[in-house]
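The numbers here are math on the coordinates, done by the rules we state, and not lab data. What you are looking at is a predicted structure, and each value in this text was computed from that prediction instead of being measured. Note that we place each Cβ from the backbone using ideal geometry, even for glycine, and neighbour counts take in every protein chain shown.
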Amino acid sequence: MSRAFRIHPDDNVATLLEDAAERVSVVGGPDVALHAPIALGHKVALVDIAEGAAVVKFGIPIGIASSAIRVGDWVHLHNCASRFDERSGGFDTVTGAAKDMAYD
């Protein structure tokens with residue numbers, strides 16, 4: 001089974017330590033069934049997070065859920081707006097590239 005790491009006890013997400021397809025074992029936490037594969041380094045929801053609620057990592061809010069997030073969902077740009085960078089809501093959800101700048 002793939003593993004994920006919860007950094008702080010107050011976190012509602014964990015970071016994957018390897019690619020995962022079906023389930024992850026959270027170090028120091030529960031096993032979580034995934035709704036879709038999640039890649040190494042990305043976040044998985046450990047609890048249901050309501051739209052508008054804080055996404056917590058490192059024990060601090062790092063973003064706001066832009067839509068409802070279910071336990072086992074991939075947490076990324078498609079469902080989480082950054083609290084650190086106002087432009088993050090305009091990033092491409094696959095590549096992470098800013099949509100407001102042209103790259104040649």
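Observations on the structure shown:
- P(r) for the range 11-72, from all Cα pairs and a bin width of 10 Å, is 24, 56, 21 %, short bins first.
- For residue 55, distant residues with modelled amide H under 5 Å away: 62, 63, 64, 65
- Proximal charge balance of residue 12 [Cβ under 13 Å; K/R count +1, D/E count -1]: 0
- For the range 1-46, convex hull of alpha carbons as volume per residue, Å³: 56 Å³
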